[in-house]
Amino acid sequence: MDITITPHRLRGTLEAPPSKSAAHRALICAALCREGESVLHGLSPSQDILATLGVLRALGAKIDLCGGTARVTGIISPPQGAACDCRESGSTLRFLLPVAGALGVNATFLGAGNLPQRPYSLLAGQMERHGAAFSRSSGMPFSVIGRLRPGWYELPGDVSSQYVSGLLFALPLLERGSDIALSTPLQSAGYVEMTVAALRRFGVDIEARPYGWHIPGRQRYHKREETIEADYSNAAFWLSAGALGSPVACAGLDPDSPQGDRAIVRLLQGFGATAGGDDPLSVQGGRLHACRIDASQVPDLVPILAVVAALSEGETLIENAGRLRIKECDRLAAMADCLTRLGAKVCEGPDYLRISGAPALRGGEVSGWGDHRIVMACAIAATRCEGPVTIRGAQAVEKSYPDFFTHYRNLGGKIDVL
């Protein structure tokens, strides 16, 4: 789907969408409960969540999804073999690969889009040292056989926090305790905190240690009923629109959430914006100024922060962002290209973007790069362009936020589908 957006300020209040990250974690925990039924409310059927639902069902969970509520009966007798289609979801692959190993399922993992090019070899290497065997070390499809053994798992913390989360889900199921040690400092630490919080809500004990975590074995997940919390990662687009002059407020965000992307409020304040209210939460702009941003803990916020930087006075440096090159697309290259096409001045480095701000962008035509966050960032940029913005491949938002353009229109956005 290609769209053209006519520049127009947005206005209004909306319910922040449910957190995709929280939904992945709750679904996996519920699927690993061996007794009873868990009930999860407030799910959004994004493509990534549908991928996780599909793989959990393939591994033996029974899941009934109706109107945003999932009733989950956990895996009692795992199948001997399973075809696990992760679609384009890196979270689904990295979370459920160790789970399949812990369950002893001979599983074939498939993927689409850019997922077959995204790395998993470091995680696979640790699994191979503990009883698993892989049909190939990179690319997809691949098969994994064998059952994971407990032991000492060591991973770098600066590649993907999802490797750690995947092992945290799996290792409590093993017959003895295990440890996860980090060889380098952990990036995206907030996502691991979300995983640990979800595990504890479902009755699983995780012990923090100076080197990482100790995970006791022979644990049982316990059924529960909960509502998926609202998402700071996607609310960040609306809050950034507020900083750029569109009076938009987001309701339902938990100010005490463990989500790392809760930092969006602090980061927008670093540009000179002000935040108001707890619920709904709003951000107001004014004369924004450049700042320096360390992206190591907030990689998913970089696309929209780059848009704010392009409309802030002075030169903003977004650094420690090299991992963005292995997301759904190369997000550093994508944002440099899109913002340049819209009229901004951007210098792209190996792990940084240097952006010179301007009062407005001129508009133009951009690719969505097959990436939901690139599309949404460009749509927010359109609110401060002098001419129309055409986005090719705008359907990429379905990966995480299928209602994004419905909400955009509800806030007064002017969109034409080409």
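The values are calculated or read from the model by the stated rules, or taken from the named source; none is laboratory data. In this text, all values refer to a predicted model and were calculated from it rather than measured experimentally. Cβ placement follows ideal geometry from the backbone for every residue including glycine, while neighbour counts extend to all protein chains displayed. Calculation scope for accessible area: heavy atoms of the full protein, side chains included, ligands and nucleic acids excluded. Shrake-Rupley method; radii C 1.70, N 1.55, O 1.52, S 1.80 Å.
Results, tabulated for the structure shown:
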| quantity | calculated |
| --- | --- |
| Selection of GluC sites (Glu not before Pro), region 155-262, meeting DSSP coil and at most 13 other Cβ within 10 Å | GLU175 |
| Protein accessible area in the chain, 1.4 Å probe - carbon and sulfur % | 47 percent |
| At most 12 other Cβ within 10 Å, DSSP loop - trypsin sites (Lys or Arg not before Pro), region 195-231 | ARG218 |
| C-alpha long axis of helix 161-170 to longest principal axis of the chain, angle in ° | 30 degrees |
| Sites ILE76 and ARG266 - FRET efficiency at Förster radius 56 Å, r taken between beta-carbons, to 0.05 | 0.80 |
| Distance between region 214-243 and region 319-363 - C-alpha centres, whole angstrom | 28 Å |
| Per residue value of the accessible surface for region 245-340 (all protein chains in place, 1.4 Å probe), Å² | 34 Å² |
| Value of [θ]222 nm, deg cm²/dmol, for the chain, DSSP H segments ≥ 4, -39500 (n - 2.57) each, nearest 500 | -9000 deg cm²/dmol |
| Förster radius 60 Å - calculated FRET efficiency between ASP351 and ARG224 (Cβ-Cβ, nearest 0.05) | 0.90 |
| Tilt relative to the chain, helix 90-103 - C-alpha long axis, 0 to 90 degrees, to 10 | 10 degrees |
| Relative contact order computed over region 1-71 (Cα-Cα under 8 Å; 6+ residues apart), in percent | 32 percent |
| The chain, relative contact order in percent, only Cα pairs under 8 angstrom and at least six apart counted | 20 percent |
| Helix 232-243 axis, angle to the chain major axis (alpha carbon atoms, nearest 10°) | 10 degrees |
| Top of GLY12, GLY357, GLY343 by mean-square fluctuation, Gaussian network on the chain, Cα under 10 Å | GLY12 |
| About the Cα centre, charge dipole magnitude for the chain (Lys/Arg +1, Asp/Glu -1 at Cβ), debye | 480 debye |
| Interatomic Cα distance distribution for the chain, bins of 20 angstrom, percent | 28, 56, 16, 0 |
| Pair ASP254, ARG325: separation of 7 Å Cα→Cβ label points (nm) | 3.6 nm |
| Per-peptide average of other Cβ atoms within 10 Å, ordering 63-71, 334-342 highest first | 334-342, 63-71 |
| Protection proxy ranking of 405-418, 84-97 - average other beta-carbon atoms within 10 Å, highest first | 84-97, 405-418 |
| Difference of contour (0.36 nm per residue) and Cα-Cα distance, GLU193 to SER143 | 15.0 nm |
| Separation in nanometres of the label points that stand 7 Å from Cα toward Cβ, at GLN117 and HIS41 | 4.3 nm |
| Region 118-274, dipole about Cα centre (Lys/Arg Cβ +1, Asp/Glu Cβ -1), debye to the nearest 20 | 520 debye |
| Spin-label zone in region 1-22 - amide nitrogen under 12 Å from a point set 7 Å from the Cα of VAL417 along the C-beta vector | 1-4 |
| Fluctuation leader among GLY370, GLY101, GLY276 - the chain, Gaussian network, Cα springs under 10 angstrom | GLY276 |
| Coil-residue chymotrypsin sites (Phe, Trp or Tyr not before Pro) of region 201-278, DSSP, other Cβ within 10 Å capped at 13 | TYR211 |
